[in-house]
Amino acid sequence: MLDTPPASIAQSRRTPTLTNWFHNLSIGRKQLVALLVCELIPIIGLGIGSTIVLTNSLRTQLRSQAKSEVAVTETNYNIKINQMGFGSRGQSDNPALITAARNHQRNENLAPDLQTQLQQILQNEVKARRMEYATLIGKDLRIVANANKPRSKETVTNSGLVPLIQQVLKDGQQVKATSVVSWDELSKESPPLPDGFSKQDALIRYVVTPVRDRENSEIIGVLVFGDIVNRKLPIVENTINAFDGGYSAVYFRRENNEFGLATALKQDASRQSQIDIALSDPAILKSAIEAKGEPVTQRIDINGQTYTVAAKAVPSRIVETPDGSVPVIDENASAVIVRGTPEQSLNQLLWNSLQQEAIVFALAIAAILVWTAIFRRIVLKPIQELQQTTEAFAKGDRTVRAQVFAKDEVGQLAIAFNQMADSIHTSEVSLANEVTRQEQQIREARALSEITVRMRRSLNPTQILQTAIDEARNFLKLDRIVVYQFASGTVDGTVIAESLENQNFSVHQKSIKAPLGVDRLEQYSTQAAWVIKDATKEMNESYRQQLTAFNTKAEIAVPLKQDDRIVGLVCAQSCERERDWQASEITFFTQLVAQIGYALDQSNLLQERQTALQNAEIRKSSIQQQIIQLLGEIQNVSAGDLTVRANVSADDLGTIADFFNAVVESLRDLVLKVKQTSTQVSHLVSQNEDEVNHLAEQARQQAQETTRTLDSVEQMTLSMQVVAERAQQAAIVSQNATNAAKSGESVMDSTVTSIYSLRATVEDATRKVKQLGESSQQIGRVVSLINDLATQTDLLAINASIEATRAGEQGRGFGIVANEIGELASRSATATREIAALIETTQQQITEVVEAMNRGATQVVEGAHLARNAKQSLIHVVQVSEQMDSLVNSISEAMVSQASTSQSVTELIKEVAQVSTLTSDSSVRVSKALRQTVDVADELQSSVGMFKVQASDRE
């Protein structure tokens, strides 16, 4: 800036030379002239200052007076309540009232005389106290007697009175309160109403006094007195009379927080009164409620006249304790007392003061007017302008600069001031920009946090989206925010949610192809946000046409991700004008969209968890039904019915059923083979037993004949032929016995082999059933794991409920969700315990099957041992048969050569006798062995007979 601007130069050219010379004087010489007129400013300042001080002092005094007067109004308001309190305290000791309350507590009907006496007592109290209510109420909240409409045995339902009664019954202290009663509730009592009052809500002053049994001081009821405030002018009239006019009123607050006028009186200086004049602005009433018992003041125009109005909330309750009255003041106050003090006297005082100051100012100005004009022109004007400039600069006007009139000290000071102002302005701009940026960041962080909290209160994706975009639009002051959802595998979007400032901009459910003019989905992940400040300057033709079609002037588009997949776009749009998006706004919106994605992921996760719990419940029921069905199908196996088959299905137990069917089928085949083999062995042994018995009989006969031969040699020749024939028959029989024994040995080998195969099959079936038991144990462990998870989930739900309780109102929704999760966990735990019980029963049955199979295996092993013994006996039979065959052949050869020598015949006959004896003994042993074999076969047949292998075996 130049020392002398062009305007100053032009001004100096128009000023006479003497003036220029005076401007160039030092400030000290100018001060000599200024002292002559320095009185002007102090006089003016003193006058203005005194006026301000006087005005403020008078207004402060008036406010204090209004507060004092509202206290007097409150006293007048409480006088009636205190009178009612004294009266009710006295009547609470009335023997008739105590007797009635005691009988009511004992559920005894009141005598007609007592009922009449009670009503008369209460009616007398109503008349004496000039009130409307007098009611005796029992501990069960039922009316014993009242002064107005008969309501005996009716239950008190007044929402404002019931808590007072309950408090008195609990604490045993008298309570005074003010409450609003609806016209419907008022009409039930039908009390005498003040003049001009009908069909509207009423403000009632209540006094609730405990009634005690004199014998044990037990509270047996309460006595309720009530006085309607509406249209009761004495409440406010006393204050008006005490302070010679003004405005006094009592207001009440309805449930919807709107205020109604109970009673009011306004009296002006001419003693003219007006009734029920209401305040035009209820703001002071709301302030009084918020002040919680402290008086508040405000200047208010009432019917064209200004009043200093004081308002004070009436205590919600006053509890009478042994230490005195204890008022309870909170935000639930129902009544407000108002007192307005007129400002006429204040205005008159100010007017008189102004007149006096005007006279002084006129005299001073008349004396120095001419010189002041010259002095201000020459000396004071630059200083005053510099002063004004400095004051304006100090008040925040950073564009103001001092005008340089001359090059004297004042001019140099003005130049220095301008330079300093430029430096301060530059620094303040930088500092303000930084502060603004930091404040904006704080507001955005706070807004983002609040929006995130509100989003996560819900698990509904639609509600999450709507909450987020509504809050973001309000915070960023946008015309519209829309959410596009991409179709699966494409970049075509549909608007699934929107938040609007003007409904004319709605685009809900509209579809659009490639919302940003980008054809491939992966291209949306290349940028965190697309920012358009002016849609008309967008280079992408397709994108520009889309913006124009949606009436969008500026836009921020941010991809929306779920599970790290881009599923749509969230677009902040300005529809009425172009917008220069700030970096903080872009960052805020980008972070918000990320939080939306996290909230949606959380919602999906919780929904999947709920679905999993439901599926687990369904699966549990299905497995339970399948296990019951499977047990029903296979329960006859424990009784030996091998024809039973489990139904093979595609469900979870289908594999177990198929495995069980395979085991039962293998066991059935084995039992069939054992039955067939034991039957065959029994049949063959029965045949061999007949032949061996026949052989033993012949051997005994041979022994007898040989003995007779030894007695008589003469008969040897006759008997020789018979012996030869019998020897031939014996050879044939012996050969047949040998063949039969060998055949029995072969059959017995097959039987032993089948028995061992049966034993292996039974052991294999036992192992498989044990595997089935182990599988059921694994299922039990899985069920135990599910039960542990359910227990942990229940514990987590309890902890979440505790945290939600700590969070207060904001955590109530999450608390509800936590309670529901806890209930699901409890049901899951119950279900897993039922499954565990079923599995335990299944394991017990499987254990019984394993034990039955083990017994069968033991019997098979015993049968194998018996078969092995039978085989050894048959081997011995074969050996004996071979020996007998050899002996019979020897006998036949001896018969051929018996003519050689009789000694040889004799010795041969002896040998034959011995062999016959041995043959007879061996035949007996073989017969016993075959009998044992038959017994073993029968026992084996009985052992496997318990198994039912064909449908015809069932009963």
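Of the two radii for region 517-643, the radius of gyration is 1.45 times the Kirkwood radius, both from the alpha carbons; that is the Rg over Rh value.
Once you sort the root eigenvalues of the Cα gyration tensor of region 67-349 as a ≥ b ≥ c, which label holds: rounded (a/c under 1.5), prolate (a/b larger than b/c) or oblate (the other case)? Prolate shape, in that a/c is at least 1.5 and a/b is the bigger ratio.
Apolar share of the accessible surface for region 441-607: 46 percent from carbon plus sulfur atoms, 1.4 Å probe. Solvent-accessible surface of region 441-607, taken per residue with a 1.4 Å probe and all protein chains present: 50 Å². Sorted on the mean count of surrounding Cβ atoms within 10 Å across their residues, most packed first, peptides 540-553, 168-181 read 168-181, 540-553. In region 67-349, carbon and sulfur make up what percent of the accessible area (probe 1.4 Å)? Carbon-and-sulfur percentage of accessible area, whole number: 45. Protection proxy ranking, highest mean first, for peptides 89-102, 53-66, 583-596, 238-251: 238-251, 583-596, 89-102, 53-66, where packing is the per-residue count of other beta-carbon atoms within 10 Å, averaged. Taking the average, over residues, of other Cβ atoms within 10 Å as the packing measure, peptides 498-506, 329-337, 121-129 rank 329-337, 121-129, 498-506 from highest down. Sparsely packed loop sites in region 168-222 (the GluC sites (Glu not before Pro) outside DSSP H, G, I, E and B with at most 15 other Cβ atoms within 10 Å) comprise 215, 218.
Histogrammed with a bin width of 5 Å, the alpha carbon distances of region 189-303 distribute as 2, 9, 15, 17, 18, 13, 9, 6, 5, 3, 2, 1, 0 percent, first bin at zero. Solvent exposure of region 67-349, expressed per residue, is 45 Å² of accessible area, with all protein chains present and a 1.4 angstrom probe.
When the Cα gyration tensor is reduced to axis lengths a ≥ b ≥ c, the ratio a/c is 1.5 or higher for region 441-607, and with a/b not above b/c it is classed as oblate. Close amide H pairs (under 5 Å, H built 1.01 Å from N) link residue 402 with 418, residues at least 5 positions away or on another chain. Taking 7 Å steps out from each Cα toward its Cβ at residue 399 and residue 275 produces label points 6.0 nm apart.
The values are calculated or read from the model by the stated rules, or taken from the named source; none is laboratory data. What you see is a predicted model; the values in this text were computed from it and never measured. Don't worry about glycine lacking a Cβ; one is built from the backbone with ideal geometry, like all the others, and counts go over all protein chains shown. Only protein heavy atoms, including side chains, enter the accessible area calculation; ligands, DNA and RNA are left aside. Shrake-Rupley method; radii C 1.70, N 1.55, O 1.52, S 1.80 Å.
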